[in-house]
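Engineer: One structure, pasted below without further comment.
Where a number appears in this text, it was derived from the coordinates with a stated rule and is not lab data. Only a predicted model underlies this, so the values are computations on that prediction, with no experimental measurement involved. Methodologically, a virtual Cβ is constructed for each residue, glycine included, from the backbone with ideal geometry; neighbour enumeration extends over all protein chains shown.
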Amino acid sequence: MSTPLRKAARGMTLIELLVALALFSVLGMLTWRATAQMIDTQARVSSEVERWRSIARAIHLIELEILQVAAPALPATSTASPALALLRSANGADSELRLIALGGEGEGARRVGFRFSNAQLEWLIWPDREALGAPETYPLLQDVQAVRWYFLTTDVGSTQTRSAHWPLAGGKGDTLPAAIELELDLSDAGTITRLFALR
């Protein structure tokens, strides 16, 4: 009587082991690359979201101040500053919009402004209505290429005019435009236009 031969236990050969190691290393490398790309994308998206939030905050603050603009009734001989004025630098590249805005409860009117200089938009607050002395300056938006302000008025015949100057030539400074248009040229977001209706 013969005994059946048992099959010998068989393990992995060296070639099979090397192929398995190569597959696992390729899978590990692909996983690492996918994770690294996901982290890079998340950082880039977070940076973009933060930039758009800062743009939205700046425009919202500008809107709040502009909608609070108050036109004083100036006597004909008054030397008071106009309620709204656009000042430009000698080279014409930098500008500053100054306005009298109503403050919160008990504050009364105050002079505020928005200055564009050195690729930055700044918020200015003076302690008085006449903008005497140095204002408190707060950075509002960085990486700004250009800021353009336009003032829209409606004439008697319902004709609208758009001017890059305020007060208009011959104006006393006691009137306000119907609307103010703001154009921001941003290096990373292009041109953003916002229209603020005052009446």
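Engineer: With the radius of gyration and the Kirkwood radius both derived from the Cα set of the chain, what is their ratio Rg to Rh?
Structural biologist: Radius of gyration over Kirkwood radius for the chain works out to 1.50.
Engineer: Rounded to the nearest 10 degrees, what's the angle between the helix 14-67 long axis and the longest principal axis of the chain, both from Cα atoms, 0 to 90?
Structural biologist: 10
Engineer: May I ask you to derive the FRET efficiency for Asp155 and Arg44 from their Cβ-Cβ distance with R0 = 41 Å, giving the value to the nearest 0.05?
Structural biologist: Details: r = 49 Å, r/R0 = 1.20.
Here the calculated transfer efficiency is 0.25.
Engineer: Taking R0 as 35 Å, what FRET efficiency do you get between Tyr138 and Thr31 from their Cβ-Cβ distance, rounded to the nearest 0.05?
Structural biologist: For R0 = 35 Å, the calculated efficiency reads 0.15.
Engineer: If you take the beta carbon distance between Ala197 and Ser54 as r and set R0 to 25 Å, what does 1/(1 + (r/R0)^6) give as a FRET efficiency, to the nearest 0.05?
Structural biologist: 0.55
Engineer: Which whole-number percent gives the relative contact order of segment 17-162, counting Cα pairs below 8 Å spaced six or more residues apart?
Structural biologist: Answer for segment 17-162 is 13 percent.
Engineer: Rounding to the nearest 20 debye, state how big the charge dipole of the chain is about its Cα centre with +1 on each Lys and Arg Cβ and -1 on each Asp and Glu Cβ.
Structural biologist: The calculated dipole for the chain is roughly 1000 debye.
Engineer: Which value at 222 nm does the chain reach when only helices count, each DSSP H run of 4 or more adding -39,500 (n - 2.57), with the total divided by all residues and rounded to the nearest 500 deg cm²/dmol? Don't jump to the answer; show the numbers that get you there.
Structural biologist: Numbers: 1 runs with 54 residues, N = 199.
Roughly -10000 deg cm²/dmol at 222 nm, from the helical runs in the chain.
Engineer: Follow-up question, since we're still on this one. According to a simple spin-label model (label point 7 Å from Cα along Cα-to-Cβ), what is the distance in nm between Glu16 and Arg162?
Structural biologist: A separation of 7.7 nm, rounded to one decimal place.
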